[in-house]
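One structure is given below, encoded as structure tokens.
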Amino acid sequence: MMDQIHVGNIASFAFFVPELILLAGSILLLILSLTKIQSRRWAIAIVLFIFSTAFFASLFSLDRSTTEIRLFSNLLSLDPFSDFARIFFLFSSLLTTFFFYQSKTFSSTKKFFETTAFLSILTVGLICMVSSVDFLMTFLSMEMVSILSYLLVASRPKDAFSSEAGLKYILFGAVATGIMLFGLSLLFGMAGSSHFTDVASFLAGELGAYQIMALFFCMICLLVGFGFKMTIFPTQMWVPDVYQGAPTSVTAFLSVSSKAGGFLVFLRFLLFCMHEVGNQALMFFEQVRLHEILVFFGLISMLIGNVSALRQRNMKRLMAYSSIAHAGFMLLGVSCFTQDGFESVLLYLTLYLFMNFGAFYIIHLRTIDTGNDHMDSFRGYGNQNIWMSISMAIFLLSLIGLPPFSGFIAKFYIFKGLIAQEYYTAALLGAVNTVIAVYYYMKIIKWMFLKDGNDPEYPRYSKVSRMFVIFLLIPTVVLGLYWVPLLRWIQISINFVYL
Amino acid sequence: MEHILTYFIFFPVFMAFLLGAVPPQKTRWIYRIALLSTIFHMLWLFLLVSTPEIRAGQWFWVESMPWIDSLYITYSLGMDGLSALMCLLTSVVFVSAVMMSHKIQKRQKAYFILLMLLLTGIYGVFLSMDFFLFYIFWELALIPLYFLIGIWGGQRREYAAIKFFIYTMVGSVFLLLGLILVYYFNPLELPLDWANLPMHQTWILASVYSIWDIPLPVILFFCFFIAFAIKVPIFPFHTWLPDAHVQAPTPISMILAGILLKIGMYGLFRVMVGFVPVVVLNVAPTLFILGLINLIYGAFCAMYQKDFKKLIAYSSISHMGFCIIGLASFSALSLQGSVMQMVSHGLIAAMLFLIAGSIYERTYSLTLSDLGGLAATMPKLTWMGVFAVFASIGLPGLFGFVSEFLVLAGSFMGHTSPHAYVGSVYFFQIGSAIALVTLLIGAVYMLWTLQRVFFGPAEQKWALVQDINNKEFLVCSVLAILIVWFGVFPSVLLEMPQTSILQWLDWIGVGS
């Protein structure tokens, strides 16, 4: 067991530095958006400064891995797991700010400041959501994330697709939130408290048959709420439209951070229960058949994602379906309920961050070149810009899960976790899905290299764009060959539960 | 010298970078650099192979480094007689293929870079000693081939490329599942190294795990079998081959038929026989029947083809049947024949595809009914064609005969394993008799093809067709000389895989 330290409300702020930086930064950015600063260079410099300060501040807090600190009257927990989440989200937001900077939608400095202000608050929301140990706090920060996501998605008010996407997102989100809140209130009514500790000890106690049934229902409701963020079946319906309608930069952010938020908050709940009551939590999850539900949902998500992606011609829609399939894959990792399984999910998320951002970034560049996000825009790309198209091919091959790229390692560990839990059928179906996915990823590669392009123009990208792609490409390749340091860090961030 | 195999395997990657630096309009230089580097690579291989250790039958040039400790994955490379033999075949076929690539004009630089990457992948498969590393190289060889077929192929190249990729991917996924199963259940704290195989066999056989009530060794057998059977290809999994081989450009067809099919066989021997020899022995009759189906089905399909290249593709399927029969018979002779068939078919199929490609380049037709009477205008090519066809039929004195004779003789004598059931001797004898008859079908369709392509009345439309040039003649002659040489003196090659074969027999309990 780790040492637990409770910190008072005021003293908590000392452990809340990265978030405070982001909050202060967001206020600064909102003020700046009212001024008449026109220089985009200054704008990106200020934004990058804020996000990178927060990022480095979060790195400094890494050394106290033997204690678990409860902040704000036991609402948030600072432990290796939340450290992981913090660094993950801050890193992803850092990449996203750059992405926003390149986006046409946010080309005016005013809009850019506003959007990055939203992004910084959203990041705080994500971090709080994952570090929270009280359902009240979880719910509030989840709402914070959701509402700001709606704003980001609908940030092109004049574009019909974007508005439609925003509206759809809000409607689906509201329903999911409502269902989740209903489940939470049931849980609160039974456990008498919304704190994870009380909930966990309640789950570990003697439960009657009716209580089990009610809890099963609760779990489903919770899964609807979390699954909405994870983009898994049955709450995946909003994904294609929203991903297609949102600006590409926002889509990339949603597909990485928002999804990771869903997974991490769910893992946080599961891990916390195991942490508090050990095997009794596992027994409870077995009683409500959570394993089977997760495996089932995971497999269906994969199947829906992969099969629907087969006939997509719009790149963003295709990537949306592919992200559903990847979420299904990660859910299989969660369903293992073992240390290996959870580790594989975190590993998957981290590696997915690089390859997915990379793929979306190149789609984004290509959308700017050709003015549409149809797959046709990639026709003959290999002739026009060989390095960019090779990078895209590497990101896509990595998404397929081909060695020696990092996506292979992600899949490898998920399969290993499944086999360790003797979920052989799930492993086999996962393997079949991997093969289905080959078709549509290779289709993009086919359009890039096998078809001759018809537009003679030769897109040249700025040095910064190229550096950004290389920056994402290096981890995609290197982590596929040597992933031990990353895995060790992930093990540390989960290990404390099992100590 | 410690990392000599690493340098050897990654030398083509280095050359790929070098090629990348050459300006694309210097097409002759790109071709020369690629050709010289593959020739240099071949000579380097000769040096590596010509060590006295190869006779001792041990692993040599071994290098091993820890890689992922928690899973006991190591980066280990090594060469033994079998892999040396495969590497020699690879280098010969590759040099011929690169030499034949002088007509490639479309995106020539990218073509040679991809060829170099493919070479690294193939050598990696043959020379890696660690299972995980083997898998990575196995996949690595797949990616360049997709592009090589898809960009430089024929009319239906995109379809053929994606079909090839997806089929192979199915195999890879099964290989991956098998790999994870072995890694997960491995109780020994030892890497899954080819040198440690006997120890791994012991625990796999003794393991009490079962999946869907099927014992672990059987599951592993299925995973490995499907993975490699797709590549070989064995009967129900063969449908990618005619498309890929026909659509690929000539040099790539040569590589596909000459090397890629052998990667599948190599995997069957190294991994399938390596990890679960006893299961393989128990299903040997089934394997034998599959081999027979390959043989007969391939031959009949070949007979009914209207396209010369497709005919050769089906004859490849048919000839790979001998490899499987040789493997399934499990006697020293037949195993040797199986390995020899890999080499001989590699050379002969490469030569046949070369000839078909040369014909197509000059006549723009591969339809058998269209061709005919080429002998008048293309005497050199006709001689080479006649030679290749006879080699393919298995004319005594040529390499094809040696391997097929060994397989048939070996399977006729049958294996004397303690596991063999009563009557199995008759089974293998009858089977090999059927296989022998199939040789006749082979002779029929090959000779018929010869007649339809080269002979018959000289046609007016081919009057202006030129004979093969010196380069093609040189490559054909080298392949022909090798086929004759090893047909007459096979003993040089025969002793190379000897240790591996004795090991396999030892593993299945037959003993030497």
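Restricting attention to the range A:284-325, the residues that are under 28 Å from A:Phe81 (Cα atoms) and out of contact with any Leu (no Cβ under 9 Å at 6 or more places or on another chain) total 7. Restricting the first member to the range B:438-459 and to residues that are within 10 Å of B:Ala376 (Cβ to Cβ), and the second to residues that are among the hydrophobic types (A, V, I, L, M, F, W, C) and at pLDDT below 85, the beta-carbon pairs closer than 7 Å and six or more apart or on different chains are B:Phe454/B:Leu374; B:Phe454/B:Ala375; B:Phe455/B:Ala375; B:Ala458/B:Ala376.
State whether the residues of the range A:391-402 include one that is at positive phi, within 10 Å of another protein chain (Cβ to nearest Cβ) and not basic (Lys, Arg).
yes
When the helices (runs of 4 or more DSSP H) confined to the range A:170-277 are screened for residues that are at pLDDT 90 or above, those reaching at least 1 such residues are found at A:209-230, A:239-245, A:248-253, A:259-277. Reported count of residues in the range A:403-429, each being facing chain B (nearest Cβ under 7 Å) and outside any helix (DSSP H, G or I), is 2.
Applying the selection to the range B:1-35, what residues are among the small types (Gly, Ala, Ser) and crowded, with 21+ Cβ neighbours inside 10 Å?
Those that are among the small types (Gly, Ala, Ser) and crowded, with 21+ Cβ neighbours inside 10 Å: B:Ala16, B:Ala34.
For A:Thr425, indicate whether it is under 21 Å from the mean Cα position of the chain (by Cα) and either under 30 Å from B:Ile226 (Cβ atoms) or without any contact (Cβ under 8 Å) to a residue 60 or more places away in the chain (or both).
no
Is at least one residue of the range B:205-212 of a type in the set (Gly, Ala, Ser) and at the interface with another protein chain (Cβ under 9 Å from one of its Cβ atoms)? Within the range B:205-212, not a single residue is of a type in the set (Gly, Ala, Ser) and at the interface with another protein chain (Cβ under 9 Å from one of its Cβ atoms). Checking the stated criteria, B:Ala375 turns out not to satisfy the condition of being under 21 Å from B:Leu494 (Cα atoms) and assigned to a helix (DSSP H, G or I). Can you find even one residue in the range A:481-489 that is within 12 Å of chain B (Cβ to nearest Cβ), among the aromatic types (Phe, Trp, Tyr) and assigned to a helix (DSSP H, G or I)? No, the range A:481-489 contains no residue that is within 12 Å of chain B (Cβ to nearest Cβ), among the aromatic types (Phe, Trp, Tyr) and assigned to a helix (DSSP H, G or I). Of the residues contained in the range B:373-382, none is found to be within 15 Å of the chain's Cα centre (by Cα), at pLDDT 85 or above and not basic (Lys, Arg).
Of everything in the range A:278-319 that is among the polar types (S, T, N, Q) and assigned to a helix (DSSP H, G or I), the residue that is surrounded by the fewest Cβ atoms within 10 Å (Cβ to Cβ) is A:Asn279. Mind checking whether some residue in the range B:103-115 is within 30 Å of A:Phe412 (Cα to Cα), in a helix (DSSP H, G or I) and within 14 Å of chain A (Cβ to nearest Cβ)? Checking the range B:103-115: at least one residue is within 30 Å of A:Phe412 (Cα to Cα), in a helix (DSSP H, G or I) and within 14 Å of chain A (Cβ to nearest Cβ).
Could you please let me know if B:Leu241 is in a helix (DSSP H, G or I), surrounded by 24 or more Cβ atoms within 10 Å (Cβ to Cβ) and within 24 Å of the chain's Cα centre (by Cα)? Taking the combined requirement at face value, the residue satisfies it.
Kindly provide the set of residues from the range A:1-43 that are basic (Lys, Arg) and surrounded by fewer than 12 Cβ atoms within 10 Å (Cβ to Cβ), ordered by number. Spell out the reasoning first.
Within the range A:1-43, the first condition is being basic (Lys, Arg), and the residues that meet it are A:36, A:40-41.
Answer for the range A:1-43, where residues must be basic (Lys, Arg) and surrounded by fewer than 12 Cβ atoms within 10 Å (Cβ to Cβ): A:Lys36, A:Arg41.
Cβ-Cβ contacts under 6 Å between residues 6 or more apart (or on different chains), taken from a first residue in the range A:168-187 that is in contact (Cβ under 8 Å) with a residue 60 or more places away in the chain to a second residue that is acidic (Asp, Glu) and crowded, with 16+ Cβ neighbours inside 10 Å, are listed as A:Lys168/A:Asp241. The residues listed here are B:Leu77, B:Leu85; of these, the one that is touching a helix residue (DSSP H, G or I) at 6+ places or on another chain (Cβ under 7 Å) and within 27 Å of B:Ala480 (Cα to Cα) is B:Leu85.
A quick yes/no check of all residues on (1) assigned by TED's automatic domain parsing to the domain that holds B:Ala391; (2) surrounded by 16 or more Cβ atoms within 10 Å (Cβ to Cβ); (3) of a type in the set (A, V, I, L, M):
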{"position": "B:Lys461", "(1), (2), (3)": "yes, no, no"}
{"position": "B:Asp467", "(1), (2), (3)": "yes, no, no"}
{"position": "B:Leu479", "(1), (2), (3)": "yes, yes, yes"}
{"position": "B:Ile483", "(1), (2), (3)": "yes, yes, yes"}
{"position": "B:Pro490", "(1), (2), (3)": "yes, yes, no"}
{"position": "B:Gln498", "(1), (2), (3)": "yes, yes, no"}
{"position": "B:Ile501", "(1), (2), (3)": "yes, yes, yes"}
{"position": "B:Trp507", "(1), (2), (3)": "yes, yes, no"}
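The criterion of being crowded, with 21+ Cβ neighbours inside 10 Å and polar (S, T, N, Q) does not hold for A:Thr425.
The values are calculated or read from the model by the stated rules, or taken from the named source; none is laboratory data. None of the values given here were measured: they were computed from a predicted structure. Virtual Cβ from ideal backbone geometry, glycine too; neighbours counted across all protein chains shown.
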